[in-house]
Amino acid sequence: MRPGKARRFGTPHWIADKMELSRVAEYAMLLNRPWRLIWLNLLAGTSRGVGIAIGFTFFAATIIYVLQVLGKLNLPIIGDYIADIVRIVQHQLELSTY
């Protein structure tokens, strides 16, 4: 699009400019190269999986830490329940899986 020159809605040039901004041509080129599409999807899926694993690990560690702190407070009913959960989790972590 020429700088300073506004295009009117519905004109062929306006439609071409909008298609160029939406990157339709790049998407069409990607569809013509299936191995590149597979590689990009594999990379995106792996990255997403690693991110979820790291996030869940951080979340679970935080929950376990909070439960340990609550277990040390010796709250009457909740403290025993939380202490049992922490003991079960620690026992599972100590088990050898191989």
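Values quoted throughout were computed directly from the atomic coordinates according to the rules given, and no laboratory measurement underlies them. Every value quoted in this text rests on a predicted model; they were computed, and no experiment measured them. Here the Cβ positions follow ideal geometry from the backbone for every residue, glycine too, while neighbour counts run over all protein chains shown.
Determine by what factor the alpha-carbon radius of gyration of the chain differs from 2.2 N^0.38 Å, reporting the quotient. Before the final figure, lay out the partial values.
Numbers: Rg = 27.6 Å, N = 98, 2.2 N^0.38 = 12.6 Å.
Dividing the Cα radius of gyration by 2.2 N^0.38 Å gives 2.20.
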What is the spin-label model distance, in nm, from L30 to A16 if the labels are put 7 Å beyond Cα along the C-beta direction?
2.4
Please give the peptides 68-78, 41-51 ranked by average Cβ packing (other Cβ atoms within 10 Å per residue), highest first, as a rough proxy for protection.
68-78, 41-51
Farthest positive-ward along the chain dipole, Cα basis, beta-carbon charges - from Y81, S47, A60:
S47
Would you kindly derive the ³J(HN,Hα) couplings of the range 16-33 from the backbone phi angles with the Karplus curve 6.51 cos²θ - 1.76 cosθ + 1.60 (θ = phi - 60°), listing them in order in whole Hz, with x for Gly and Pro?
5, 5, 5, 5, 5, 5, 7, 6, 5, 5, 5, 5, 5, 5, 5, 5, 7, 10
Considering Cα pairs under 8 angstrom that are at least six residues apart, work out the relative contact order of the chain and quote it in whole percent.
11
